[in-house]
Amino acid sequence: MPIEFELRVSNDERVIPVVRSFVFNAFAQSSLEKNLHERLAELVVLSVSDAVKHAYGFGEEGSITVGIKESHGKLEITVRDYGMPQDIAEMETSLHQGVDKDSRLFGISCKEIADEIHWTGYGPEGKALRISKWLHNRDITMEVSEEALKVSGKDIPAAPSQEYTVRRMRKGEGVEISQLIYKAYGGTYFNSDVYYPERVEALNAKGAVLSFVALAEDGRVAGHYALERNADGPVAEGGEAVVDPAHRGRKLLERMKETALHEARRIGLAGVYADAVTIHPYTQKSNVHFGARLACADLGIAPRNEHFLGLSGDQPQRISCLLYYLHLGKPEQRNVYVPSRHRPIMEEIYRNLGFPVAFGDELVPEGRGNCSVSVDSEAAKASIRVERVGTDTARTVRHARRELTEHSHAEVVFIDMPLTDPATPYAVEALEEYGFSFAGVAPHFSKSGDILRLVYLTEPLHRKHIVTYEDFAGRLVEYALSEQERVRRL
């Protein structure tokens with residue numbers, strides 16, 4: 001049964017015993033393992049104590065909210081204050097610069113007690129600490145025999161010709177999906193949730209992931225494809241694609257994709273996107289075949305040691321991907337704000353997408369901006385999402401970039417800027433002076449509309465190692481690389 005509790009207290013040190021009692025009682029009602037209650041509770045109590053001491057000015061009265069929610073197999077905890085602006089970039093960087101990727105907060109190791117932990121800033125409206133912990137901890141290697149998980153080789157005999165059924169996954173099929181992905185990718189698939197059958201089913205029950213399966217005549221899962229709701233806007237990422245080697249060559253992936261797109265339209269999504277790798281042209285070709293159009297060059301988005309099906313070993317440089325976007329409805333007029341330098345390539349991107357576009361005049365930003373920072377230490381990557389451009393945005397991002405590259409050792413930093421904000425061109429030009437460069441557009445990635453993506457790379461990339469399938473992909477990659485060279489000279 002889902003549970004949800006919330007406690008709001010004042011910024012008075014006398015509330016700490018009340019908070020501790022509340023947290024322990026909430027955890028007792030949850031499915032959290034008892035051996036984790038004390039350590040996780042102490043982390044929450046310390047975060048409240050820190051907010052009591054530092055979130056508000058001397059003598060200022062304020063409030064702090066503690067939220068605890070268990071739903072679909074995940075425990076989510078939020079500690080939110082409404083006080084002074086904080087340096088969220090520095091706080092997030094300090095959190096994730098632990099030895100052996102062990103995040104530490106208030107002297108406590110978060111390695112075992114949290115799956116994700118991040119700070120979120122709200123500018124003049126305070127900050128929040130968000131902690132999430134999966135309650136499903138049995139991965140596929142604990143569910144089935146070692147023989148059943150043997151990674152598929154190249155000489156798998158083809159299954160007999162047969163009819164296949166393609167549909168949404170059903171309860172109880174999580175084990176077969178995790179098993180299939182393990183057999184295809186080994187333990188190298190970048191999204192570890194796919195190896196936990198209960199998580200696969202929980203994410204589907206929640207609607208965060210929509211899984212589609214191809215079933216053989218014997219009822220076994222022969223293929224899997226998913227739509228992942230990763231962005232704030234009405235879009236989903238297509239991925240987690242795998243077909244059993246014994247059933248390949250029968251267009252099962254195409255059928256699963258078609259079924260997924262039908263469902264995406266039914267539930268009202270604006271579009272579906274995919275990051276196609278550039279170490280070969282095949283995933284790009286597949287996206288073009290389905291009518292997807294190129295929107296962004298995600299330079300260096302994956303580490304050079306990322307593993308892909310059928311390919312292994314380190315690449316000569318960080319791996320770039322191309323963001324392909326498939327619009328599912330009637331394209332609407334875009335009113336966007338970008339520096340005049342980038343309008344020609346933006347016109348070409350929107351023409352390629354089939355979206356009418358109009359460019360507005362920039363305005364000087366006013367007031368404080370609003371942004372959030374996230375760190376993926378495994379991929380040596382960080383992302384900054386700007387929700388509102390303010391007078392402090394460029395300075396804040398510059399500081400965040402320095403913290404992220406020097407202390408969190410991020411090799412690439414992405415910034416997503418709101419294209420609907422008239423102050424965005426002003427901030428982009430300032431950010432280019434700090435080494436950020438144009439990457440492209442991510443349609444419908446925010447609630448306000450499209451975003452402009454910029455990228456900062458600690459090491460330059462070489463065009464010869466980036467394989468492109470179509471002419472426009474080549475032009476966009478070359479434009480993005482030339483912009484990298486230009487901003488490095490500023």
Checklist entry - Which ones in the range 152-178 are free of Cβ contacts under 8 Å to residues at least 40 places away in the same chain and not in a loop (DSSP other than H, G, I, E, B)? => result GLY174, VAL175, SER178
Next on the checklist: Go through (1) in a loop (DSSP other than H, G, I, E, B); (2) out of contact with any strand residue (DSSP E or B) (no Cβ under 9 Å at 6 or more places or on another chain) for TYR434 and report which single condition fails.
Outcome noted: (2)
Item to check | Residue satisfying all of: in the range 369-411; basic (Lys, Arg) and assigned to a helix (DSSP H, G or I); surrounded by the fewest Cβ atoms within 10 Å (Cβ to Cβ) among these | outcome: ARG395
Next on the checklist: surrounded by 17 or more Cβ atoms within 10 Å (Cβ to Cβ), out of contact with any Gly (no Cβ under 6 Å at 6 or more places or on another chain) and more than 24 Å from GLU116 (Cα to Cα): is that true of LEU215 in this structure?
Outcome noted: yes
Next on the checklist: Would you confirm whether or not the range 40-52 contains a residue that is among the hydroxyl-bearing types (Ser, Thr, Tyr), on the phi < 0 side of the Ramachandran plot, in a strand (DSSP E or B) and surrounded by 13 or more Cβ atoms within 10 Å (Cβ to Cβ)?
Outcome noted: no
Checklist entry - Considering the range 76-92 alone, what residues qualify as being part of a loop (DSSP other than H, G, I, E, B) and without any contact (Cβ under 8 Å) to a residue 60 or more places away in the chain? => result TYR82, MET84, GLN86
Checklist entry - Yes or no: ALA358 in a strand (DSSP E or B), at negative phi and surrounded by fewer than 13 Cβ atoms within 10 Å (Cβ to Cβ)? => result yes
Next on the checklist: Going through ASN287, ASN230 one at a time, which residue ends up being surrounded by fewer than 23 Cβ atoms within 10 Å (Cβ to Cβ), polar (S, T, N, Q) and under 22 Å from the mean Cα position of the chain (by Cα)?
Outcome noted: ASN230
Checklist entry - With respect to LEU326, is the statement that it is over 22 Å from LEU431 (Cβ atoms) and touching a residue at least 40 places away in the same chain (Cβ under 8 Å) true? => result yes
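FYI, it's all coordinate maths here, none of it is from the lab. All of these numbers come straight from a predicted model, not from anything done at the bench. Positions of Cβ are generated from backbone atoms using ideal geometry, with glycine treated the same way; all protein chains shown enter the neighbour counts.
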